[in-house]
Amino acid sequence: MNHHPHPRPIGGPLLDRGMVTLLALFGIAEGVIIWRFVAGLGAVSNMNDGYAWGIWEPVNVVVFTGIGAGAYSVGLLCYLLNRGEYHPLVRPSVLVGAIAYSLGGASIMVALGRPWNMYWLAMPPMWNLSSVLLEVAICVMGYVCVLWIEMLPAALDRAATSRHPRWSAFGRRWGQRLARAMPYIIALAMLLPTMHQSSLGGLMIVAGPKLHPLWHTTLLPLLALVSCLAMGLGTVVVLTAMMKQSWNARHDHELLVDMCRVNGGLLVLFAGLRVADLMAAGKLDFLAVPDFYLIVFVLEMALFLLPAFVFLTGRVENSRARFVAALSAVTAGALWRVDAFLTCYNAGESFSYWPSWGEISFTVGMAAIGVAVFIAITRLLPVVVVHDTPVPASIAAFVLSAKPEEAAGRSGALTAH
Amino acid sequence: MALTISRRALFGVAVAATAAALPSRAEARPRVVAEPDAVGLLYDSTRCIGCGGCVAACKESNGVPWDGEPTELDCTTRNVVKTRNLRQPSAAGASTAFVKRQCMHCVDPSCVSACMLGALHKQGNSKRVPGEPKGTGIVVWDPDLCLGCRYCEIACAFSIPKFEWLAANPRIVKCELCRHRADPTHDGPLSVANPACAEVCPAEAVVFGRRADLLAEAWRRISAEPGRYEPRVYGESDGGGTQSLYLAAAGVSFQDLGLPDMPSESPASLSESVSHAPYLHGLTPIALYAGAAAIIRRNRRRAEDESAHHGEDSK
Ligand code: SF4
Ligand code: SF4
Ligand code: SF4
């Protein structure tokens, strides 16, 4: 017997208006990719020798994987801290993670200047073990595989309910086999993000004098780790509210409140670590200089601490406040990441950078295809736990209409037990 | 109830975080020192007349057509001479100074630390190209191992590596100390490299040689004319030391010449000790994995037992 309510395919049309819009956005990104391989990176981007990663690494890799870290943080709660009640959130989070990490990986391939040399990566003797980026690359590639393996049970469950006896036997047999191996796969799914999320932060340590002292710290790996946990939990809250709104997905109020409390602690931990580190390194003087960096720093801190305030007080019970706060937690982590990789990185007086339309449309297109894949998979496979009468509405239309507060308010009214 | 467990969760996170942070500074990587026969350049800003001869010679010797005096390094310019405005006039009253910029051939280079497969490496350390001369310390680039990730551009504090932004098969371009002009008929430094920039300089502002000899020469110049020079050789220990060394006129700060202010610990050493120390040579990941797997299995078995019980109860 299983106490957990079972996830179900959402069903519904695969190609509705929202989906077409998303695919169109991705189509533009495809164009950018093709032109990039013909004419070079400089032809589609404003990247230059000073800002060599433009927005693609900071956003498509560092921020996307932070958003995808819900798979990691919910997994930690559910499996390591043995909070079985989190189980219904695992599959949607893992799917977001699998998609976000795949997009990050794909974006790197597009951003690499000489991707045809990548086959060398398959030869461990050639690895430069000192390279922080190598560690990120290997670890992320492994983790993408692990995440999709974690999604396999959804596909096998679907096969098991198939009307074709062979499919259903196949689904049941392999579903059971995979279930036995799962603890070992989940353990990898806990280890790998711990490693590469901290390494992602560690990437910028070597940049030394080029990164502003308020961001350059030996604590970068730890901060990146804590921020990904907070971003991940925030994403899951936002996602749950959206799915509730669009698909009448199950929405466990107590659980979300509990998760937000954990997140509140993480956000405070992040802010505390940062301030303590600045104090320990004697960098508080930089906070006395009224410049651009101070504004960015204060904005970051506000985005971290405001949701913490909501999460750790009674306001967390209000689903509108909770939604906005969760969004702020994601934005906080994203902003800190972009700042550490781009905004507060200074390549020198002779360089400046602002993303080109090509770069922006690539980033937007990648995000769009991510949303599209999420919708398609949840429509086809049992990922989301829904109430008995699903409301057919498209999450894409919801995303595009972009009225989250209103939606959160409505979902709040519905969740009161 | 919910709150207590959240606190426990937080506590767990905090413990894990501290555990990850603690060893990070404890296990610093040993300091890399220059090899005895490492070669490099000595650039003397006080002698430079800004003629740009070295810039033209650099392009020519690297097979790049001349397309006008460059102002910055780029994918066709491995060497540039800039006229810098000084925030503080020099002791001699000059308000500008020349500076030549090219790869510093760092003793412990950030770019080498960053590069995933060792495309950028110290000559002789390649795992792909056997038989490179050893001990020169020249930082060279191997097109076959480069993925074009440009982490070297992010990592290099001197912003030296350049990328061919408009090429379908882009290269990383930087000074490789004219190792292709090495003359095996000579002994000593010329047998491994022969920088065109040093060869053409009419003022002995650019000198090529063993780093140790260049350092001695730099200090000899400083002590021979103490009023002329800033009493410091940039690159002796800055950023962990570099093989391209700089002399500035008295009263001129190296930062005014555009050279970054760096501690004597190299960024590579800082980065590697922070990033690798928590791994304890691979022990930590293995322990974490084993621990996680054990906990997950135990939790699952408990959940199964529990649901079995429920099953019996309901019968
Ligand atoms: S100056 Fe930059 S490119 Fe040259 S060796 Fe040092 S880190 Fe590498
Ligand atoms: S761009 Fe090439 S040389 Fe530079 S770090 Fe990446 S792989 Fe190495
Ligand atoms: S050593 Fe050769 S490549 Fe380097 S700056 Fe001098 S001339 Fe140019």
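Would you confirm, using the coordinates I've provided, whether residue A:57 is touching a helix residue (DSSP H, G or I) at 6+ places or on another chain (Cβ under 6 Å), charged (D, E, K, R) and touching a residue at least 60 places away in the same chain (Cβ under 8 Å)? Quick ask: steps written out before the conclusion?
Numbers: touching a helix residue (DSSP H, G or I) at 6+ places or on another chain (Cβ under 6 Å): no; charged (D, E, K, R): yes; touching a residue at least 60 places away in the same chain (Cβ under 8 Å): yes.
No.
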(message) If a residue must be away from ligand 1 (no atom under 16 Å from the Cβ) and closer than 30 Å to residue B:224 by Cβ, how many such residues does the stretch B:29-55 contain?
(response) 14
(request) Name the one entry in B:111, B:54 that is in contact with a Pro (Cβ under 7 Å, 6 or more places away or on another chain) and among the hydrophobic types (A, V, I, L, M, F, W, C). (result) B:111
(request) Determine the pairs where a residue that is under 21 Å from residue B:74 (Cα atoms), located within the stretch A:336-362, has a partner that is among the β-branched types (Val, Ile, Thr) and open to solvent by less than 10 Å² (accessible area, probe 1.4 Å) with Cβ atoms under 9 Å apart, the partner being 6 or more residues away or on another chain. (result) A:345/B:154; A:347/B:154
(request) Mind counting the residues in the stretch A:104-118 that are closer than 19 Å to residue A:197 by Cα and buried (at least 24 other Cβ atoms within 10 Å of the Cβ)? (result) 1
(request) Could you figure out which of (1) within 17 Å of the chain's Cα centre (by Cα); (2) of a type in the set (Phe, Trp, Tyr); (3) open to solvent by 80 Å² or more (accessible area, probe 1.4 Å) isn't true of residue A:174? (result) (1)
(message) If I go through the stretch B:149-163 residue by residue, how many of them are near ligand 2 (Cβ under 9 Å from one of its atoms) and of a type in the set (Phe, Trp, Tyr)?
(response) 2
(message) With the requirement that a residue be in contact (Cβ under 8 Å) with a residue 40 or more places away in the chain, of a type in the set (Val, Ile, Thr) and within 16 Å of ligand 3 (Cβ to nearest atom), what does the stretch B:78-107 give you?
(response) B:99
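Regarding residue B:236, is this residue more than 14 Å from ligand 3 (Cβ to nearest atom), open to solvent by 40 Å² or more (accessible area, probe 1.4 Å) and either over 21 Å from the mean Cα position of the chain (by Cα) or within 14 Å of chain A (Cβ to nearest Cβ) (or both)?
Details: more than 14 Å from ligand 3 (Cβ to nearest atom): yes; open to solvent by 40 Å² or more (accessible area, probe 1.4 Å): yes; either over 21 Å from the mean Cα position of the chain (by Cα) or within 14 Å of chain A (Cβ to nearest Cβ) (or both): no.
No.
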(message) For the structure I just gave you, tell me whether residue A:82 is outside any helix (DSSP H, G or I) and more than 16 Å from ligand 2 (Cβ to nearest atom).
(response) yes
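In the set B:144, B:183, which member is modelled with pLDDT of 95 or more and not hydrophobic (A, V, I, L, M, F, W, C)?
Numbers: B:183 fails: modelled with pLDDT of 95 or more.
Sole residue among the options that is modelled with pLDDT of 95 or more and not hydrophobic (A, V, I, L, M, F, W, C): B:144.
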(message) So, in the stretch B:74-97, exactly how many residues are closer than 21 Å to residue A:49 by Cβ and touching a Lys or Arg at 6+ places or on another chain (Cβ under 8 Å)?
(response) 9
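Residues in the stretch B:209-232 that are under 24 Å from the mean Cα position of the chain (by Cα) and either assigned to a helix (DSSP H, G or I) or within 16 Å of ligand 1 (Cβ to nearest atom) (or both): how many?
Start the filter on the stretch B:209-232 by keeping residues that are under 24 Å from the mean Cα position of the chain (by Cα), which leaves B:209-216, B:218, B:232.
From what is left, the residues that are either assigned to a helix (DSSP H, G or I) or within 16 Å of ligand 1 (Cβ to nearest atom) (or both) are B:211-216, B:218.
Going through the stretch B:209-232 one residue at a time, the tally reaches 7.
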(message) For the structure I just gave you, tell me whether residue B:150 is more than 19 Å from residue B:194 (Cα to Cα), open to solvent by 10 Å² or more (accessible area, probe 1.4 Å) and either away from ligand 3 (no atom under 16 Å from the Cβ) or within 12 Å of chain A (Cβ to nearest Cβ) (or both).
(response) no
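May I ask you to say which residue of A:153, A:183 is farther than 30 Å from residue A:332 by Cα, more than 13 Å from chain B (Cβ to nearest Cβ) and out of contact with any Pro (no Cβ under 7 Å at 6 or more places or on another chain)? Lay out the reasoning, then the answer.
Details: A:183 fails: more than 13 Å from chain B (Cβ to nearest Cβ).
One residue alone meets the criteria, A:153.
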(request) Take residue A:292 and decide whether it is out of contact with any Leu (no Cβ under 8 Å at 6 or more places or on another chain), open to solvent by 10 Å² or more (accessible area, probe 1.4 Å) and of a type in the set (Phe, Trp, Tyr). (result) yes
(message) Let me confirm something: among B:212, B:277, B:292, B:268, which residue is open to solvent by 30 Å² or more (accessible area, probe 1.4 Å) and among the aliphatic types (A, V, I, L, M)?
(response) B:212
(request) Tell me which of these residue A:130 doesn't satisfy, since it passes every other one: (1) open to solvent by 20 Å² or more (accessible area, probe 1.4 Å); (2) more than 23 Å from the chain's Cα centre (by Cα); (3) over 21 Å from residue A:347 (Cα atoms); (4) at pLDDT 95 or above. (result) (4)
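The values are calculated or read from the model by the stated rules, or taken from the named source; none is laboratory data. Treat the numbers as computed from the prediction; the structure is a model and nothing was measured. Cβ atoms come from the backbone with ideal geometry, glycine included; neighbour counts cover every protein chain shown. Calculation scope for accessible area: heavy atoms of the full protein, side chains included, ligands and nucleic acids excluded. Shrake-Rupley method; radii C 1.70, N 1.55, O 1.52, S 1.80 Å.
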